[in-house]
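Down below is the structure, laid out as structure tokens.
The values are calculated or read from the model by the stated rules, or taken from the named source; none is laboratory data. For clarity, every value in this text was computed on a predicted model and none was experimentally measured. Here the Cβ positions follow ideal geometry from the backbone for every residue, glycine too, while neighbour counts run over all protein chains shown. In case anyone asks, the SASA skips ligands and DNA or RNA and just uses the protein heavy atoms, side chains included. Shrake-Rupley method; radii C 1.70, N 1.55, O 1.52, S 1.80 Å.
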Amino acid sequence: MRALRRNDAGISLDRACAEPALAPGWAILRPTRVGVGIADLAAARADSPFRGVLGQEFVAIVERVEPGEGLTPDQAKKWKGKRVVGSPRVPCGVCDLCARGLSAHCRDARVMGEKNLDGCFADAFTLPVANLVEVPRNVDDDAAVLANALADALHTAAQLRIEGKPYITVLGDGRVGLLCAQVMAKLNASVRVVGLHEHKLALCEKWGVKHRLLRDVGRRADQDIIVECTGSRDGLADALRMVRPRGKVLLKSRWNTPRDACEPIDLSGIVEGEIEVIGSKGGSVAEAAQRLAQGDIDGASLITRRMKLDDGIDALRAAAAPEQIKVVMDI
């Protein structure tokens, strides 16, 4: 089978990759559409320690399920042929954090296309059935492939306590920022998106969400909540200048580059302004699938380029380009 792999020599499309082995409680999945995300770009970088098949975001058909690990043969059969999305993170189930109900922060988790587990940029891959969510019939593949990103956005909204119609700025006009904007526009809040790209911000007009270019926005420390989706140290610095004293900054994205991760940033404003900084990671894919079924989230407009798995290396390059929002590949 074909698989887009990261190995010691770099990225390559392996056309003779072995079919994945099936473990008890796991499923063999045949992807129909996959999305290229920030985690994939990070895993593809030259300094990445990951070795294996890339890919975390997928819509797939269940080919076969192996009973076991609490899954009966009858339950396994019911999954065959279902169209699914799923969480890429497989917790160990035995560490102290898993025992405390914090499996999303498992110390020894495997992560598709990122840590000790092959991803979905292939003709077939495996995941535990516990990670899978059936896609509602009225949700097409274009929307479903964004389920993980929408789960992130819904989780962020759930972390907020909305009182007195606060001013919320979503900082960043990538797919996570634009999904956060759609979700938060449904809250009792005044929401705007601030970004760098006019063509991306123009999508906000379809959704009735206010938007501004970063260069046109002041840093007057007048926003109640900043949702920082740029994944850059400059974005965090801007967020700390925009938020009011005793306001909140939610950090959505990991650092994009080694410079962002390593160079120091002045955090004295957090102390001076008594700013609450909250990390925000992951979310329920099941909740995202149900929200997509409601039809009030526009995911298809975020797809800016369609490619094939055979062009996977070019798809990674395309996804890194600033003009793209979401690149997807058909398998």
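Overview of results
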| quantity | calculated |
| --- | --- |
| In segment 220-306, GluC sites (Glu not before Pro) in a DSSP loop with at most 15 other beta-carbon atoms within 10 Å | GLU274 |
| Normalised contact order of segment 44-173, rounded percent, pairs of Cα under 8 Å and 6 or more residues apart | 28 percent |
| Backbone N under 17 Å from the HIS197 label point (7 Å along Cα→Cβ), restricted to segment 272-306 | 299-306 |
| Sorted peptide list for 40-48, 71-79, 125-133, criterion being average Cβ within 10 angstrom, highest first | 125-133, 40-48, 71-79 |
| Heavy-atom accessible surface of segment 48-174: percent carbon and sulfur, 1.4 Å | 47 percent |
| Pairwise centroid distance, computed over Cα atoms, of segment 137-162 with segment 277-295, Å | 4 Å |
| Solvent-accessible heavy-atom area per residue, rounded to whole Å², over the chain at 1.4 Å | 46 Å² |
| Percent RCO, i.e. relative contact order, over the chain, from Cα pairs under 8 Å lying at least 6 residues apart | 18 percent |
| Cβ-defined net charge surrounding ALA153, 13 Å radius [Lys, Arg +1; Asp, Glu -1] | +1 |
| Label-point gap, in nm, between ASP140 and GLU263 - each point 7 angstrom along Cα→Cβ | 4.2 nm |
| Antiparallel %, DSSP beta bridges [both residues in the chain], to 5 | 50 percent |
| Stretch gain in nm, segment ALA318-ASP8, where the contour uses 0.36 nm per residue and the Cα spacing is subtracted | 109.4 nm |
| Calculated Cα Rg over 2.2 N^0.38 Å (choose from [x] 1.54; [y] 0.95; [z] 1.00), label | [z] |
| Dipole magnitude (debye, nearest 20) for segment 261-331, charges at Cβ of Lys, Arg, Asp, Glu | 460 debye |
| Gain in span if fully extended, ARG306 to LEU22, counting 0.36 nm per residue against the direct Cα distance | 99.2 nm |
| Gap separating the Cα centres of segment 37-58 and segment 208-229, nearest whole Å | 31 Å |
